[in-house]
1. Out of all the residues in segment 17-34, which are assigned to a strand (DSSP E or B) and either exposed (fewer than 11 other Cβ atoms within 10 Å of the Cβ) or on the phi > 0 side of the Ramachandran plot (or both)?
2. Quick check, is Glu87 part of a helix (DSSP H, G or I), modelled with pLDDT of 85 or more and exposed (fewer than 13 other Cβ atoms within 10 Å of the Cβ)?
3. Say we look at segment 40-56 and pick out the residues that are surrounded by 10 or more Cβ atoms within 10 Å (Cβ to Cβ) and of a type outside the set (Gly, Ala, Ser); which of these is modelled with the highest pLDDT?
4. Quick one: which of Ala37, Ala8 is among the small types (Gly, Ala, Ser), at pLDDT 85 or above and in a strand (DSSP E or B)?
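The values are calculated or read from the model by the stated rules, or taken from the named source; none is laboratory data. Just so it is clear, the structure is predicted and the values come from calculations on it, not from any experiment. FYI the Cβ positions are ideal-geometry reconstructions off the backbone, even for glycines, and counts take in every protein chain you see.
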Amino acid sequence: MEIQLTDARKDLSRLVRGQNAPGAKPVKIKQRGRVTAVLLGIRQYEKLTGPPPPKHSTPGGISDMVGSVRIIGDLESGTRQLAREWERSIRRTAKQL
């Protein structure tokens, strides 16, 4: 199916719902007579790109630090130690990016 961009704007909700139907075909969107975009359902997209990566906590998040710091002494020095470890974790993550 091909549709003009102005018509796609008007019917976007209907077009997106249609992409979830079994056997739905991609919709080619034309602008000034040329196909410039394609609308396809998530299943079709994942067939082309592969499944999304698994969801997990963000790098450097608190779950990465659980068990990595042992606080000995008073709360104030423990808090400073935790802050230093957290900053190191953020720096490691930044280097990996």
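1. Arg34
2. Numbers: part of a helix (DSSP H, G or I): yes; modelled with pLDDT of 85 or more: yes; exposed (fewer than 13 other Cβ atoms within 10 Å of the Cβ): yes.
Yes.
3. Just the residues of segment 40-56 that are surrounded by 10 or more Cβ atoms within 10 Å (Cβ to Cβ), to begin with: 40-47.
Filter again for of a type outside the set (Gly, Ala, Ser), leaving 40, 42-47.
Details: Leu40: 90, Ile42: 85, Arg43: 83, Gln44: 86, Tyr45: 86, Glu46: 84, Lys47: 85.
Of everything passing the filter in segment 40-56, Leu40 is modelled with the highest pLDDT.
4. Ala37
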